[in-house]
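Some notes on the structure that comes next.
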Amino acid sequence: AVVSTQSTGSFKAINTNYFTKFNLSKMIEIMEETVPSTLKRARPEEMEMDMEVSVKKPSFPPISKEKLKSGKTEMRKVPIPPHRFTPLKESWMKLYTPIVEQLKLQIRFNVKSRNVELKTSPETTDVGSIQKAADFVRAFTLGFDIDDCLALVRLDDLFLETFEISDVKTLKGDHLARAIGRIAGKGGRTKYTIENVTKTRIVLADSKIHILGSFQNMRIARTAICNLILGSPPARCTAK
């Protein structure tokens, strides 16, 4: 930049680039000296160091099973429907043995309230054993065989699922009966085929359907049953 100034009747050309650079550098130095250190902008290296120092992941030791129990006794009540009283009486020892010996729980049948009551004991080591026992008894009350229900005690990735035919499609009268017949098949062949292919167990209780198995296998069995309810022929559903 060239600035022309008039002095004693003559013009003088002055180059201001040098003075501009000089003045800016001087101003920056003066500002750094006058501004307190707390207000100065930190360098990127210093910011990274501050982040490393300030942010630290907490490390907690694993909690033992004794601390998880916290000394409190847990209890579960499983209601027994009237039509399962006789099977419960006949299979009581098969139901009682794994719950007491394997899961180390206390069990009794309350005649007045008609509930199977489960309770933790001082010998109980696993926190989730009472939930396993409750699922075991509930699966038996839904109509599953006692040997199939034992898989809920031995394995961790098995679940129960219950849904009704009306959840898939609203059917009444003969249409509902035909849908149940399509799911069961002649002599129960369709139901057995779905069970063997998907490695699940299925119970048809009127319009309710109960499925026992792993999550992935239950999804496949549920899809096949829903297709049967919607009207697909059994041959096409079992082929898929």
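Condition check ((1) aromatic (Phe, Trp, Tyr); (2) modelled with pLDDT under 90) across all residues:
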residue	(1), (2)
Gly185	no, yes
Tyr192	yes, no
Thr198	no, no
His210	no, no
Phe215	yes, no
Ala221	no, no
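Only helices (runs of 4 or more DSSP H) whose full extent lies in segment 86-165 are considered here, and the ones with at least 2 residues that are open to solvent by less than 20 Å² (accessible area, probe 1.4 Å), at pLDDT 90 or above and closer than 30 Å to Thr223 by Cβ are 129-142, 146-154.
For segment 166-181, the set of residues classified as open to solvent by 80 Å² or more (accessible area, probe 1.4 Å) and assigned to a helix (DSSP H, G or I) consists of Asp167, Asp174, His175, Arg178, listed by residue number. If the condition is being within 15 Å of Tyr192 (Cα to Cα) and in a helix (DSSP H, G or I), then segment 213-232 contributes Asn217, Met218, Ile220, Ala221, Arg222, Ala224, Ile225, Leu228. If Gly187 satisfies every condition in (1) surrounded by fewer than 20 Cβ atoms within 10 Å (Cβ to Cβ); (2) among the small types (Gly, Ala, Ser); (3) touching a residue at least 40 places away in the same chain (Cβ under 8 Å) but one, which is the exception? With (1) surrounded by fewer than 20 Cβ atoms within 10 Å (Cβ to Cβ); (2) among the small types (Gly, Ala, Ser); (3) touching a residue at least 40 places away in the same chain (Cβ under 8 Å) applied to Gly187, the lone miss is (3). Each residue in segment 192-220 was checked for being under 19 Å from Ser166 (Cα atoms) and of a type in the set (D, E, K, R), and 3 of them qualify.
The values are calculated or read from the model by the stated rules, or taken from the named source; none is laboratory data. Nothing here was measured: the structure is a model prediction, and the numbers come from that model. Here the Cβ is made from the backbone with ideal geometry for all residues, glycine too, and neighbour counts use every protein chain on show. Accessible surface is based on the protein model in full, side chains and every heavy atom, while ligands, DNA and RNA are left aside. Shrake-Rupley method; radii C 1.70, N 1.55, O 1.52, S 1.80 Å.
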